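Some notes on the structure that comes next.
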Amino acid sequence: MNDRTALVTGANKGIGKHIARLLVTEGFSVYVASRDAGRGERAVEEIGEGARPLVLDVTDAGSVARAAAAVDHLDVLVNNAGINVSLDPPSGTGIEDFRRTYETNVLGVVAVTNAFLPALRRSPHPRVVNVSTGPASFTWSTGPNPQFAPGRPGSGAYRSAKAALNMLTLLYAQELAGDGVKVNALAPGRRATDLLPGLAATGGDPAEAARGAVRLALLPDDGPSGAFFSWDGTPVPW
Ligand code: NAP
């Protein structure tokens with residue numbers, strides 16, 4: 001293994017796979033975490049030397065514990081795994097869809113972060129990157145931004161879950177500041193992935209979003225923590 005080690009959840013495809021590939025390019029040994037062993041191994045083969053598979057379902061406590069037990073030292077954790085199961089506004093979204101979304105996008109991040117904190121604390125420059133979304137910004141959701149203006153209250157479960165993730169980003173950053181752990185959130189922009197039907201044909205390049213994540217993974221010790229950034233490095237208002 002290289003000296004610097006990173007772990008990316010949901011790294012078998014989409015933005016996560018690009019983040020894993022870029023971190024390898026930056027010289028990290030990267031755990032390509034995937035809930036499905038086969039999909040994870042295929043991604044590792046694609047990425048090549050520097051990548052190694054790790055089975056990790058962020059909603060399964062046993063899976064999280066087994067993965068954490070296999071990792072002794074970690075410099076970078078990217079909480080990327082996420083789902084969006086309903087585009088409906090809150091009143092049209094079933095409670096089960098809310099539950100599934102929160103299980104993955106909120107509780108999964110808490111479970112993984114807490115499980116890997118001992119390994120992160122062994123790093124001289126630990127960094128956590130939480131992959132959030134611009135439409136979780138209260139400011140953008142209430143302002144003149146035409147993408148997320150008040151007339152567009154869709155994806156109620158997804159956006160509220162990512163807003164919870166934003167608050168957790170801030171709280172973890174405040175809690176862990178004394179340990180040197182920097183925790184930031186990323187708004188990756190609309191990207192061509194399997195997150196939603198049709199997105200693969202209409203979204204932008206996921207590699208561009210991955211560069212934003214890697215920027216936060218490589219922050220210097222005097223860099224920000226407890227903040228929300230767009231893929232291009234500009235701050236996103238909470
Ligand atoms: P994607 O291609 O659908 O990838 C999502 C990844 O998360 C997949 O690897 C998926 O694994 C994994 N995943 C889902 N549930 C999981 C679980 N319980 N345990 C472990 N892994 C799990 O979507 P993406 O666009 O790359 O999404 C990556 C992140 O970016 C998400 O957090 C998403 O909310 C965020 N985001 C994306 C966009 C966009 O436009 N694409 C915009 C804003 C934010 P499987 O292959 O096994 O399903």
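Things to note:
- Scope segment 41-62; condition open to solvent by 60 Å² or more (accessible area, probe 1.4 Å), of a type in the set (V, I, T) and touching a residue at least 40 places away in the same chain (Cβ under 8 Å); matching residues: T59
- Checking each residue in segment 173-200 for being out of contact with any Leu (no Cβ under 9 Å at 6 or more places or on another chain) and surrounded by 15 or more Cβ atoms within 10 Å (Cβ to Cβ) picks out A173, G180, A187, P188, G189, L195, L199.
- All positions within segment 26-84 that are among the hydroxyl-bearing types (S, T, Y) and within 23 Å of R99 (Cβ to Cβ): S34, T59, S63
- Failed item in (1) of a type outside the set (V, I, T); (2) surrounded by 14 or more Cβ atoms within 10 Å (Cβ to Cβ); (3) away from the ligand (no atom under 11 Å from the Cβ); (4) within 24 Å of R215 (Cβ to Cβ), with G156 passing the rest: (4)
- Restricting the first member to segment 13-40 and to residues that are on the phi > 0 side of the Ramachandran plot, and the second to residues that are charged (D, E, K, R), the beta-carbon pairs closer than 8 Å and six or more apart or on different chains are G14/R191; G14/D194; G27/R4.
- The residues of segment 87-116 that are under 19 Å from the mean Cα position of the chain (by Cα) and open to solvent by less than 30 Å² (accessible area, probe 1.4 Å), listed by number, are T101, T104, N105, V106, G108, V109, V112, T113, F116.
- Counting only helices (runs of 4 or more DSSP H) wholly contained in segment 5-71, the ones carrying 2 or more residues that are farther than 18 Å from V131 by Cβ, away from the ligand (no atom under 11 Å from the Cβ) and among the acidic types (D, E) occupy 37-47.
- Just one of (1) within 16 Å of the ligand (Cβ to nearest atom); (2) open to solvent by less than 10 Å² (accessible area, probe 1.4 Å) fails for N145. It is (2).
- Test: residue in segment 201-212 that is small (G, A, S) and away from the ligand (no atom under 13 Å from the Cβ): no
- Yes/no for R99 being more than 12 Å from the ligand (Cβ to nearest atom) and not in a helix (DSSP H, G or I): no
- For the condition open to solvent by less than 20 Å² (accessible area, probe 1.4 Å) and either touching a Pro at 6+ places or on another chain (Cβ under 9 Å) or assigned to a helix (DSSP H, G or I) (or both), S123 does not qualify.
- Close pairs from segment 63-84: first over 28 Å from P220 (Cα atoms), partner within 10 Å of the ligand (Cβ to nearest atom) and charged (D, E, K, R), Cβ under 6 Å, at least 6 apart: S63/D57
- Only one entry of A192, A185 meets the criterion of being more than 24 Å from R99 (Cα to Cα), aliphatic (A, V, I, L, M) and within 11 Å of the ligand (Cβ to nearest atom), and that entry is A192.
- L219 meets all of the listed conditions (1) under 15 Å from the mean Cα position of the chain (by Cα); (2) surrounded by 15 or more Cβ atoms within 10 Å (Cβ to Cβ); (3) away from the ligand (no atom under 13 Å from the Cβ) but one, namely (1).
The values are calculated or read from the model by the stated rules, or taken from the named source; none is laboratory data. Owing to the predicted nature of the structure, the values given are computational and were not obtained by experimental measurement. In this analysis, Cβ positions are derived from the backbone assuming ideal geometry, glycine residues included, and neighbour counts consider all displayed protein chains. All accessible areas refer to the heavy atoms of the entire protein, side chains included, with ligands and DNA or RNA removed. Shrake-Rupley method; radii C 1.70, N 1.55, O 1.52, S 1.80 Å.
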